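Working notes, beginning with the structure itself.
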Amino acid sequence: MRTPRLLALVAATAAAVPLAACGDDSGSDAAAGGSGKITVDASDTDCKVAAGQSDAGTVTFAVANKGNKVTEFYVYAPGDRVMGEVENIAPGLSRELIVELAAGTYETACKPGMIGKGIRNAFQVSGSAAPLTEDAKLAQATKDYQRYVKSQTGALIDKTTEFVTAVKAGDIEKSKALFPIARTYWERIEPVAESFGDLDPKIDAREADLEAGQKWTGFHKIEKDMWVAKDVSKSGPTADQLLTDVKTIVDKANTVTLSPVQLANGSKGLLDEVATGKITGEEDTFSHTDLWDFAANVEGSQAAIAALRPALEEKDPALVKTLDERFASVEAALGKHRDGDGWKLHNTLSQADLKALSDEINALSEPISKVAALVAGK
Amino acid sequence: MQRRKVIGLAGAGAVAAATAGTVAIRATGGEPVAPPPSDMIDFYGERQAGIITPAQDRLHFVAFDVITKDKAALVDMLESWTAAAARMTRGQEAGTLGAVGGSPEAPPEDTGEALGLPAADLTLTIGFGPSLFDSRFGLRAKKPAALADLPKFPGDTIDPAISGGDICVQACANDPQVAVHAVRNLARIGMGVVSVRWSQLGFGRTSSTSTTQATPRNLFGFKDGTANLKAEETSLLDDHLWVRTGDGPDWMTGGSYMVTRKIRMLIEPWDRTSLLEQETIVGRDKGQGAPLSGHGEFDEPDFAVRGDGGEPVIATTAHVRLAHPTQNNGARLLRRGYNFVDGSDGLGRLDAGLFFIAYQRDPRRQFVPVQTKLARQDQLNEYIRHVSSGLFACPPGLRAADDFWGRSLFA
């Protein structure tokens, strides 16, 4: 079977395994994994997965969105570790998810409207799998996170393209609706983006960040055009530049492999972003859509921790339990501010609401700050 | 690393001691200053330190809300706090790995700003507020009657956001950075369990709590705390300060109740008030602090003395009269307040005043009646606003290293 062999290889060569060996491009090898395609009928209220189990190996899900909302499909290992996902499946479209699964207990999830925990189903994979060594678990973490980045950047380009198209068409209402959604994919992987020095400010600089004489480009420039000037007739060039910059950064992001320590620091960095920019409403000062960015930062942080989870389980199970509880607690606290498929505007939250959210982020950030030293093994 | 050890080293090795891993020591005239030998206050004892301890010069007071519903998590945190507090009051870092001794990949266990500083007489005093005794942790039956919420006093302009709290810590030290360091590290240890509700910095103690201390001045320029309860007055302390067996629940026996009031002073109008009127309002002379009926600071005020026109020398509305034990059924307080200046307000006025702290055996018989009288009649009210209020039950001291804050309360 493919999976154990692959894992053994990873164990032997540790972090040096080239990314080409990982699951996303392994569709041609599907026969070795056992089952054929498993169909998923997704609607706005239902997620019908044709089979609840599979043999270990490559599993292919064919996801058809028969609802009216854009949906996503995920396969989770325990602790919501994302094993594979397809983002941004528009109504009427079908997409495939090819995922490498070792024996174990999983969950599938459709997320109509792309929000919340989604509609979950149990998914059991049988077969044998060699236990991973600690180094292999860490190598696997970087691989898993790389896959996450890839899925997010794909959606980032798609949604930024839609946003830019709407801006250039002069459709200000549609542009406003797409603005926080496109930013969601950006905010989930911001620590990766930030590693490319000058591109990050070109895409995401806030007006307050600018030096005297510096040209302002990116999301927030268009945000001001939409919400303050209420005129996007001159925003076309900025929009085009944004898409170019996003595509450039995505190309670069997909060549980067983050080390386990970088993953840990990234998960902390995302929460710092929340604590410094989103709680205060500084991020989206014109649109007040900060809670979209807030949620995305937390999701990105959780994805990085989830990738590290197997290694952390071995090193400090109590910490994993604490992190699970506190992520759940943040999610519950943030959930109070849902508004339909989106979020309430930052300027409608009371000081007490913001204090409660700030407490939650502090409570989560302290244990997360311990993860880097653990995975560094010191 | 032990902070005090660093100091000792620096003292011995003179200027050259500021090598890697140590921190340069404050110096006067190029000579390192060794701390005085008496810069450490014992954290353990029959009473909590920081009550009758000779008042230090600096304060960082903090009130927390408990945000967990998990009693075990709260008790765990109190245990961690106690360990850190015991270390910090000895001049050590908050955790055993300290500010620089841990993994390079991990955030330092101690925040580091007190490296190289002496213990500076740091005391950390804990109190539990009335709100802690609701249904969350099953403490209703343990709530002392004396911990009844303070009433609203006439003229109060209390801001709830800077009032109350489930737990408070009073950090006092002779170095402001040492006090701030202690509160910062406790707040950090408490993340996820407690959340800082409000905090207040103070400087320039406004009371003496020992006869060895000179009486300091508050920001009105008057000596404050002349008639305070003092550490040496042991029988008065037993009557007025310490909770006795039978006063209430056992866990508070040997403890004391703390009232805090942030009192904003209307500085600019006060400064335009004539010396005569200032002294009349206070009832003491501004230079020496003597009661207007006497000559020396420690002369007992004589409220019966009348002046030329037959008017009482100490006015019926003078602060010293209204607050005096003889006018309040003998009620006395151990005051331990500090001046504060929080910069200036948007109108260019000094945002300043007195952060009043008073300890007592039972607020219902001490602070409440005295403040009721002051709030109604004190002429000083024209120049002050009470903007924050707190009440906390401070249990007795910890006897040994295996004891921890709140153990008898949560037992």
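Number of residues in the stretch A:52-68 that are assigned to a loop (DSSP other than H, G, I, E, B) and either touching a Leu at 6+ places or on another chain (Cβ under 9 Å) or under 29 Å from A:ILE305 (Cα atoms) (or both): the value is 2.
Matching residues to (1) out of contact with any Asp or Glu (no Cβ under 6 Å at 6 or more places or on another chain); (2) assigned to a loop (DSSP other than H, G, I, E, B):
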{"residue": "B:ALA146", "(1), (2)": "no, no"}
{"residue": "B:ASP156", "(1), (2)": "yes, yes"}
{"residue": "B:GLN170", "(1), (2)": "yes, no"}
{"residue": "B:ALA179", "(1), (2)": "yes, no"}
{"residue": "B:ALA187", "(1), (2)": "yes, no"}
{"residue": "B:ARG197", "(1), (2)": "no, no"}
{"residue": "B:THR209", "(1), (2)": "yes, yes"}
{"residue": "B:ALA214", "(1), (2)": "yes, yes"}
{"residue": "B:LYS230", "(1), (2)": "yes, yes"}
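Scan B:ILE314, B:ILE357 and give me the residue that is in a loop (DSSP other than H, G, I, E, B) and at pLDDT 95 or above. One residue alone meets the criteria, B:ILE314. Check B:ALA400, B:ALA352, B:ALA375 and return the single one that is assigned to a loop (DSSP other than H, G, I, E, B), surrounded by fewer than 23 Cβ atoms within 10 Å (Cβ to Cβ) and of a type in the set (A, V, I, L, M, F, W, C). On inspection, the qualifying residue turns out to be B:ALA400. Within the stretch B:167-193, being within 13 Å of chain A (Cβ to nearest Cβ) and farther than 21 Å from B:ARG90 by Cα holds for B:MET191, B:GLY192, B:VAL193.
Of all residues in the stretch A:333-340, one or more are at pLDDT 95 or above, within 14 Å of another protein chain (Cβ to nearest Cβ) and outside any loop (DSSP other than H, G, I, E, B). Within the stretch B:156-177, the set of residues being surrounded by fewer than 21 Cβ atoms within 10 Å (Cβ to Cβ) and acidic (Asp, Glu) comprises B:ASP156, B:ASP159. Selection of the stretch B:194-243 for residues being within 14 Å of another protein chain (Cβ to nearest Cβ) and over 24 Å from B:PRO363 (Cα atoms) yields B:VAL194, B:SER195, B:VAL196.
Among the residues of the stretch B:218-235, what is the count of those that are under 14 Å from B:ARG335 (Cβ atoms) and either among the charged types (D, E, K, R) or in contact with a His (Cβ under 8 Å, 6 or more places away or on another chain) (or both)? Break it down into steps so the answer makes sense when it comes.
Within the stretch B:218-235, the first condition is being under 14 Å from B:ARG335 (Cβ atoms), and the residues that meet it are B:218, B:222-231, B:233.
With the extra rule that they be either among the charged types (D, E, K, R) or in contact with a His (Cβ under 8 Å, 6 or more places away or on another chain) (or both), the set shrinks to B:223-224, B:227, B:229-230, B:233.
Going through the stretch B:218-235 one residue at a time, the tally reaches 6.
Restricting attention to the stretch B:59-67, does a residue exist that is in a loop (DSSP other than H, G, I, E, B) and modelled with pLDDT of 95 or more? Checked the stretch B:59-67: at least one residue is in a loop (DSSP other than H, G, I, E, B) and modelled with pLDDT of 95 or more. Filtering B:ASP110, B:ASP134, B:ASP121 for residues that are among the acidic types (Asp, Glu) and within 21 Å of the chain's Cα centre (by Cα) leaves a single hit, B:ASP121. Filtered by the rule that a residue be charged (D, E, K, R) and crowded, with 16+ Cβ neighbours inside 10 Å, the stretch B:102-155 gives B:GLU105, B:GLU109, B:ASP110, B:ASP121, B:ARG136, B:LYS142, B:LYS143.
Within the stretch B:317-329, being over 23 Å from the mean Cα position of the chain (by Cα), farther than 10 Å from B:LEU380 by Cβ and outside any helix (DSSP H, G or I) holds for B:ASN328, B:ASN329. For the stretch B:330-349, taking the residues that are outside any strand (DSSP E or B) and within 17 Å of B:THR226 (Cβ to Cβ), the one that is farthest from the chain's Cα centre (by Cα) is identified as B:ALA331. Search the stretch B:233-259 for residues being part of a loop (DSSP other than H, G, I, E, B) and under 19 Å from the mean Cα position of the chain (by Cα), and hand back the single one that is surrounded by the fewest Cβ atoms within 10 Å (Cβ to Cβ). Per the criteria, the residue is B:GLY254. For the stretch A:87-112, give me each residue that is in contact with a helix residue (DSSP H, G or I) (Cβ under 7 Å, 6 or more places away or on another chain) and either aliphatic (A, V, I, L, M) or over 18 Å from A:GLN302 (Cα atoms) (or both). A:ASN88, A:ILE98, A:VAL99, A:GLU100, A:ALA102, listed by residue number.
In the stretch B:70-98, the residue that is surrounded by the most Cβ atoms within 10 Å (Cβ to Cβ) out of those that are without any contact (Cβ under 8 Å) to a residue 60 or more places away in the chain and among the small types (Gly, Ala, Ser) is B:GLY95.
The values are calculated or read from the model by the stated rules, or taken from the named source; none is laboratory data. Everything numeric here is computed off the predicted structure, so don't read it as measured data. Methodologically, a virtual Cβ is constructed for each residue, glycine included, from the backbone with ideal geometry; neighbour enumeration extends over all protein chains shown.
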